[in-house]
1. Search the structure for amide H atoms under 5 Å from the amide H of Val365, placed 1.01 Å from N in the peptide plane, and list their residues when 5 or more places away or on another chain.
2. Could you run the Karplus curve 6.51 cos²θ - 1.76 cosθ + 1.60 with θ = phi - 60° over the range 205-212 and give me ³J(HN,Hα) per residue in whole Hz, x for Gly and Pro?
3. Where in the range 419-494 are there GluC sites (Glu not before Pro) that are in a DSSP coil and have at most 14 other Cβ atoms within 10 angstrom of their Cβ?
4. Classify the range 136-331: rounded, prolate or oblate, from the alpha-carbon gyration tensor (a ≥ b ≥ c, eigenvalue square roots; a/c under 1.5 rounded; otherwise prolate if a/b is larger than b/c)?
5. Report the one residue of Thr200, Leu461, Leu327 whose Cα lies farthest in the direction of the positive end of the charge dipole of the chain (charges on C-beta: Lys and Arg +1, Asp and Glu -1; origin at the Cα centre).
6. Taking only DSSP H segments of four or more residues, each worth -39500 (n - 2.57), what value at 222 nm results for the chain once the sum is divided by all its residues, to the nearest 500 deg cm²/dmol?
7. Quick one, can you get me the convex hull of the C-alpha atoms of the chain expressed as volume per residue in Å³?
8. So how strong a dipole does the range 2-115 carry about its Cα centre when Lys and Arg Cβ are +1 and Asp and Glu Cβ are -1, to the nearest 20 debye?
Amino acid sequence: MRAYVGNSHDLLSPIAGLASIGFEAYGGARGAEVDAGARALFRVPYLSMGMGADYNLRDRALDLLVTAHSPVRRGGIILPGGQLRVDWYPLRGHSFTVGWYTPLGEPLAGRGQPIREYVVVGAEFQPAVPYRVSEPTLSVVLDSLRASAEWIRRLVVPFLDQDGRDAGIALARAQRYIGELQAHLALRSVEQEVRHFHSTLERAFSLAAGDSTAGRELARGARGILLEAVILPYNSLLGRKKKKDTLEELATVARGRFSRLVVSSGVTPEARTEPVLFVFQRLTALLDEVRGKAAKEWDDPRVVWLPLQYALLPEQYDEQSELDALLEQATEVRFSDHNRIQYVANLQFHWELLRTIRETKDYHVLWIHDFPAVAADGSLDWASFTQVVDGYLRTLAERVEAYDRTGTLPTYFIFLDQHYYEQRKSRLLMNVLEDPLRATPELPRSAPGDPERLALAQQRLRDAVSGSRVLRAEARQYGEAWLQNRISSLIPTK
């Protein structure tokens, strides 16, 4: 029985997981005697494998070691982050050991993601008895509805990611696809196709109910139920892995709601209830057909999107208030007033970001894929360095200088893509923002004058902290650790 301790260091970006080195020491018992040793390993985290040398103190021998590990299930086994480990010694009679380990000092190990990485769209349930109606005229209209639904899918969510044995074949397929869209658009625009779909739906319900007024009323109710019970719930799963990817369960719920609507509204004679319910059943079925075609075309159900136009007429989303209401319905969150969204061109972004940092009173959120510390030529990135010195540190110093009067300090959040965080050495600047009072101003790759510029900004902040009677009084009560955390100008999230 052995206990292991060790550490590892990534040689390349930890996101890629292509290379790392690790060192381990172990101790325990083998039989009635003490067993101990040390290992040096080269690992490929992406493959969960590695190899290296194992020196055993008891045997006084150096052995080749091949190791593999797996969490077996997402989140780990036994404890969060725990992994099954197999060590193979090919030069020691192909002997091997099997064990389990869990990382210590890593509070997020095994907790970063849910155990199940997929969502079950259609659970096991008893399918409803299908309606069977034999009316040739109605069947023709429903066939037209199916064709229109397919064109809406192709026009609203066009598939241009064509493949082939080479680029020429892929390009030819994309051109043929675009040509088909152009030919159809010469007959009907996107809006005309959407209106054709809904007029065809109204005609189907009118034939089924035996009355055009009832048909319009039923179509309006069907669109609302379809949006709320089928389209929005399915689209909310965009980007997630799916199992049993089908609309059948959502459609069954929608059919139940539509059945109640038909009976309670009284717009349909009892003798025509069966054909009306049949039309709605076919409507949900053809949407499932559209979903299936999209999933096959994209080769990935995660990116399938059901066009909202199946349930909405153009005049239902041509005003801002209507769009707001639709987004509230989709997200189940009400809009708050006084928010503003502005499009900023690349050349303006640097200055606009600086302005918003300087104007922050309570909190500031920057959600960005790249906050580089190192430019393409290997030098310290001028724009990011300016944001740190003239934006975050200068503003924080000013707020500390006013703290005795205001009693408030701003909080800054930066959400970064970890790939670029590692690749562009963002840690150099993030370390300064996380601990501005103690961080070194001597940054690698900095230009002449940059260390002095950063040091002046830090000194101003230190002077402001020292000069704040309130901060010092609070620090005496809560401790220096509290003060360091209070003056940290950044809450980083990768």
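Each reported figure results from applying straightforward, stated rules to the coordinates on display, with no laboratory input. Just so it is clear, the model here is predicted, and its values are computed rather than measured. Note: ideal-geometry Cβ built from the backbone for every residue, glycine included; neighbour counts use all protein chains shown.
1. Correct list: Phe413.
2. In residue order, the calculated couplings are 5, 5, 5, 5, 8, x, 7, 5 Hz.
3. Working: sites: Glu422, Glu434, Glu442, Glu452, Glu474, Glu480; in loops: Glu442.
For GluC sites (Glu not before Pro) across the range 419-494 that sit outside H, G, I, E and B with at most 14 neighbouring Cβ atoms in 10 Å, the list reads Glu442.
4. Values: a/c = 1.84, a/b = 1.60, b/c = 1.15.
Here the range 136-331 falls in the prolate category.
5. Checked the options; the winner is Leu461.
6. Details: 17 runs with 216 residues, N = 494.
After summing the helix terms and dividing by residue count, I get -14000 deg cm²/dmol.
7. On the way: hull volume 137.6 nm³, N = 494.
Per residue, the Cα convex hull of the chain comes to 279 Å³.
8. Working: 11 positive and 9 negative charges, 52 e Å.
The calculation lands at about 260 debye.
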